[in-house]
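Below is one structure, written out as C-alpha cells; comments come after it.
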Amino acid sequence: MVAEKQEAVLHIVGKARLQGHVPISGAKNSALALMAGALLSSEGCTIENLPCLMDVQRMEEILVSLGVKVQREAGRIHLDTTCLSSAQAPYELVSQMRASFFIIGPLLSRLGIAQIPLPGGCAIGARPVDLHVKGLQAMGAEVEISHGIVHASCPGGRLQGAKVYLDYPSVGATETIMMAATLAEGETVIQNAAQEPEVVDLANFCRTLGAKIYGAGSKTIVIVGVPQLHGGTYRVIPDRIEAGTYMIAGAITCSDITLGPVIPEHLGALIAKLREIGVQVTIETPTVIHVQGREGKYRGVEVETSPFPGFPTDMQAQLMALLTISEGNSVITETVFENRLQHVAELCRMGANIRTKGNVAIITGVESLSGAPVMATDLRASAALVLAGLAAEGETQLRGLHHLDRGYDRIEEKLRGLGATLYRV
Ligand code: EPZ
C-alpha cells in the first residue's frame, strides 16, 4: 500500500485577538511582471524588495531556463540577461504559473521569436490570452497556436509600433504589449489600458532601464520604441493585496493593528468599503495604515469588483469573510473573473449564510462563524478561509496550502507576530 503523501494542514485557533504591527512585503503581481521585464535589458538588472513566494521562485526557474544568470540574496535578485540562450519556456514550469506568459513580449522584442506554452486556465476562470496575442499581432508579430504552444515571431526582425485598443482593460495584456513596445520600431498607443498600480510599477521599472513610456496609470499609455534597454536597479512596490488581507484580519477579529509599508492610494476602494462597514481605518503616516475593529458594529454593504481604481477582485474573497459576520444583508458581484465564488461553499461550512446566483453572492450576517475543516480552492480563497478561521469559534483546519504559499510571504509567521495561534502539521 503506497503511503498516501500527507498534505500539510494549517490549524487556526479562532477568536484570535491581534495586536501590533505587521510588515508588508513587495507586491507579487508586480514582482512577477518585473522579472519578465528584466528580459528586455541587454545589460541585466537588479530588483529589490522581492517577496519570498513560490511564484517568484518559479519565475526565477523560468528565467534560468532561458539562459539568464541569477544571483539571489534575501529579497534582492540580480538578473544577468545579456545573453539569452533560448526562446522556449519549458511546459512543466509555465503550466504551474500563468504569469510566466508575461515573458512572451520581452522575448519577442529581444530575440524576434518566442515559444510559450499556452497557460492553462485555473480555478477562477478560463484565463484566455487573446488580448495579449491580438496586441502582438497588431505590432506585426506572427502568432500561431498549435499543440498548446504559442509560436510567435516577427518576420521583419523587429516589432512595429501600433495603436492597440483593448476590449477589456486586462492587466496582463497591458503589460505584455507595453513591454513588447519598449523595443519596437516607432510609437505604440495602448487604449483602454489597465490602470493597476502594478502596471505603473512595471512602467517605472522599464523607464529605469531607459524605456520611453508615458501615461501609465491612465487609460492611454504611449510607448516610444528604443533600440535597446540598459541596466538598472529597481525596488518593487508594497503588496496592496497582502496589505488589504491583513487590514481585514484586524477588522474580522475586532483588533487594533498597524501595517506597512503601504501606499494608501493603492487601497482607496478597500479603505472606503471598510469604513462603510464600520471599521475604523486611519492613515497613520504616508506609509502606515491603522485598523481598529469594533465588536458587533459592522453593517452589511454592496460591493462590485472592477478594474482599478474600482474594488479589486483579489480582495473579494477576503471581504466576503468579513461580511459573513456583518449585520444585515450584503451583496457581492464579481465582474472580473467568471468563477471566483468557490470560497462561498467553504465559508458556509463554517456557518456563514451565503446564497449565490451566477456571479452574485448574497450574504446574511451571522453572530459568529464556527471552526471547521475546509479546503482552499485558489489563492485568495485560501486567504479568506484563514481570516474566517481567526474569527470563528473553535479551531479551523485548512487544506490546499499550496495556494496560500503561492501568494503570501510568511503569512503564518506574520499572523503569529500579531498574536494569532496557528500551526502547520
Ligand atoms: C492579473 O491577472 C493578476 N495576476 C490577478 O491576480 C488579478 O486578479 C488580475 O490581474 C485582475 O486584477 C498577476 O498580475 C500575475 P486580467 P491577469 O488579464 O493579468 C480577461 C492574484 O490573485 N482576459 O486583467 O491574468 C480574463 O479572462 C491573481 O494575485 C481576456 O479575456 O488578469 C479576466 O476575465 C489572480 N483575454 C479579465 O480579462 C485576455 O487576453 C481580467 O484579466 C486577458 C484577460
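The values are calculated or read from the model by the stated rules, or taken from the named source; none is laboratory data. These numbers come from a predicted model, not from an experiment. Don't worry about glycine lacking a Cβ; one is built from the backbone with ideal geometry, like all the others, and counts go over all protein chains shown.
Brief remarks follow.
- In segment 160-194, the residues that are away from the ligand (no atom under 15 Å from the Cβ) and in a strand (DSSP E or B): GLN160, LYS163, GLU185, GLU187, THR188, VAL189, GLN191
- Count - residues of segment 364-376 that are within 25 Å of the chain's Cα centre (by Cα) and crowded, with 21+ Cβ neighbours inside 10 Å: 2
Quick grid of which residues meet (1) in contact (Cβ under 8 Å) with a residue 40 or more places away in the chain; (2) of a type in the set (Asp, Glu); (3) part of a loop (DSSP other than H, G, I, E, B); (4) exposed (fewer than 15 other Cβ atoms within 10 Å of the Cβ):
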site	(1), (2), (3), (4)
GLU7	yes, yes, yes, yes
HIS11	yes, no, no, no
ALA36	yes, no, no, no
LEU39	yes, no, no, no
THR46	yes, no, no, no
CYS52	yes, no, yes, yes
ARG58	yes, no, no, no
GLU61	no, yes, no, no
ARG72	no, no, no, yes
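- Of residues in segment 333-360 being outside any helix (DSSP H, G or I), over 20 Å from the mean Cα position of the chain (by Cα) and not small (Gly, Ala, Ser), the one farthest from ALA243 (Cα to Cα): LYS357
- Filter result for the condition that a residue is more than 16 Å from the ligand (Cβ to nearest atom) and part of a strand (DSSP E or B), over GLU276, GLU284: GLU284
- Test: residue in segment 194-207 that is polar (S, T, N, Q) and more than 13 Å from GLU175 (Cβ to Cβ): no
- LEU385 vs. criteria part of a helix (DSSP H, G or I) and out of contact with any Asp or Glu (no Cβ under 7 Å at 6 or more places or on another chain): no
- Taken over segment 374-410, the criterion of being acidic (Asp, Glu) and within 14 Å of the ligand (Cβ to nearest atom) is satisfied by ASP378, ASP405, ASP409.
- Hey, ILE77 buried (at least 21 other Cβ atoms within 10 Å of the Cβ), within 16 Å of the ligand (Cβ to nearest atom) and modelled with pLDDT of 90 or more or not: no
- Taking the criterion of being of a type outside the set (Ser, Thr, Tyr), surrounded by 15 or more Cβ atoms within 10 Å (Cβ to Cβ) and in a loop (DSSP other than H, G, I, E, B), the residues of segment 395-425 that qualify are GLY400, ASP409, ARG410, LEU418, ALA420.
- Residue ID - surrounded by the most Cβ atoms within 10 Å (Cβ to Cβ), chosen from residues in segment 112-126 that are within 15 Å of the ligand (Cβ to nearest atom) and without any contact (Cβ under 8 Å) to a residue 40 or more places away in the chain: ILE116
- Criterion (over 19 Å from the mean Cα position of the chain (by Cα) and buried (at least 16 other Cβ atoms within 10 Å of the Cβ)) met by exactly one of SER30, SER109: SER109
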